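Undergrad: Okay, here's the structure, questions in a sec.
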Amino acid sequence: MTEAPSPLCINTSLKDSFSCLWHYKWNHLFISYVAFFPFTLFGLLGLFDPFFMPRSSLELVPEGYNLSFFLYILATYFWALPCIILWHRLYLLGPEHLLRRKIWPILTRSFVMMTKLLILVGICAFLAVILVGLLSFIIGFMGLNDSLSDFLELSDSEFTRYMVIISITGALTYLVFLRFSLAICARTIGKRIGLINSWKLTEKNTFRMLCSFMGSFMPITILAILILFGYQKIFGIDLFYSGEILSTLSYIHIFVLAPVLTLPLSAICSQCASFYRHCGGEDYTKT
């Protein structure tokens, strides 16, 4: 039995997270380009064109749409898993353990992580259903479900209540992820911490973890958005809201912006690595 970890210090956790982001900035650059390489390659080959082709809801899907959609999912959501593992390994073990000759462990851990994430999605979905049910009850109790116009014509006070409930739903579902984050971190470095054990190790630090996460994620996200808007304004382009098929030059711009686009995700991995160290994950040496 390991001793219960001391309460998480928010300032120490934030310093640890930002320190890792700054110290390993060049390694982050490498991982971000690895993360966007399949997307850029498939895009330059024109394989995403059927998926991004603008059309009305009454039009049939273009030829090759299913393959294009599959490649898009493969190059983004699926490929993100091994990249997330690389970020965790970087912030937990350092750059000397970032890559190994054998790629198979990274792939198997990606599948394990996918399983754990699906469990978390199921739990969060269940929690969201309960909270949305509560929201529906409140809307019905307030007489807002008689017609769509009644729902849209909310007063300032009622709209505020609606937004508060939505915010609470998002916060609670993410808290579940934070409580289980130690289990995910452990798998990225070849160790095992069960979801229940992760929940127990973080039970006294829930609010501190949320505050620390917001203190790192929000500034990084705002910085990334400002850089993206500044980049688009300088070059006079609209990469993300044009409603048109991305051109060859657009894919090149997106690839150049990969370190900025992935910065919030990297910050999450850095913060989770900090939680792993400060909440007793390193002392739980089950392999």
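The values are calculated or read from the model by the stated rules, or taken from the named source; none is laboratory data. Computed from a predicted model, the values in this text were never measured in an experiment. When we count neighbours, we look across all protein chains shown, and the Cβ atoms used for this are built from the backbone with ideal geometry, even at glycine.
Undergrad: Hey, does segment 251-272 have a residue that's more than 26 Å from Trp26 (Cα to Cα) and either in contact (Cβ under 8 Å) with a residue 60 or more places away in the chain or surrounded by 21 or more Cβ atoms within 10 Å (Cβ to Cβ) (or both)? Explain how you work it out, then say what you get.
TA: To start, the set of residues in segment 251-272 that are more than 26 Å from Trp26 (Cα to Cα) comprises none.
Within segment 251-272 (the criterion being more than 26 Å from Trp26 (Cα to Cα) and either in contact (Cβ under 8 Å) with a residue 60 or more places away in the chain or surrounded by 21 or more Cβ atoms within 10 Å (Cβ to Cβ) (or both)), the answer is no, since none of the residues qualifies.
Undergrad: Please enumerate the residues belonging to segment 1-31 that are at pLDDT 85 or above and of a type in the set (A, V, I, L, M, F, W, C). Outline the logic, then answer.
TA: Here is the first cut: in segment 1-31, the ones at pLDDT 85 or above are 9-31.
Within segment 1-31, Cys9, Ile10, Leu14, Phe18, Cys20, Leu21, Trp22, Trp26, Leu29, Phe30, Ile31 meet the criteria.
Undergrad: Just give me the residues in segment 205-249 being farther than 29 Å from Leu175 by Cα and assigned to a helix (DSSP H, G or I), in sequence order.
TA: The answer is Phe229, Gly230, Tyr231, Gln232, Lys233, Ile234, Phe235, Thr248, Leu249.
Undergrad: Please find, within segment 159-201, the residue that is nearest to Leu86 (Cα to Cα) out of those that are modelled with pLDDT under 65 and among the aliphatic types (A, V, I, L, M).
TA: Checked segment 159-201; the qualifying residue nearest to Leu86 (Cα to Cα) is Ile166.
Undergrad: Report every pair of residues separated by at least 6 positions or lying on different chains whose Cβ atoms are under 8 Å apart, first residue within segment 75-99 and closer than 19 Å to Pro264 by Cβ, second surrounded by fewer than 23 Cβ atoms within 10 Å (Cβ to Cβ) and small (Gly, Ala, Ser).
TA: From segment 75-99, the pairs are Leu81/Ser110; Pro82/Ser110; Ile85/Ser110.
Undergrad: In segment 176-220, which residues are touching a Ser or Thr at 6+ places or on another chain (Cβ under 6 Å), in contact (Cβ under 8 Å) with a residue 60 or more places away in the chain and not aliphatic (A, V, I, L, M)?
TA: Phe180, Lys191, Ser212, Ser216
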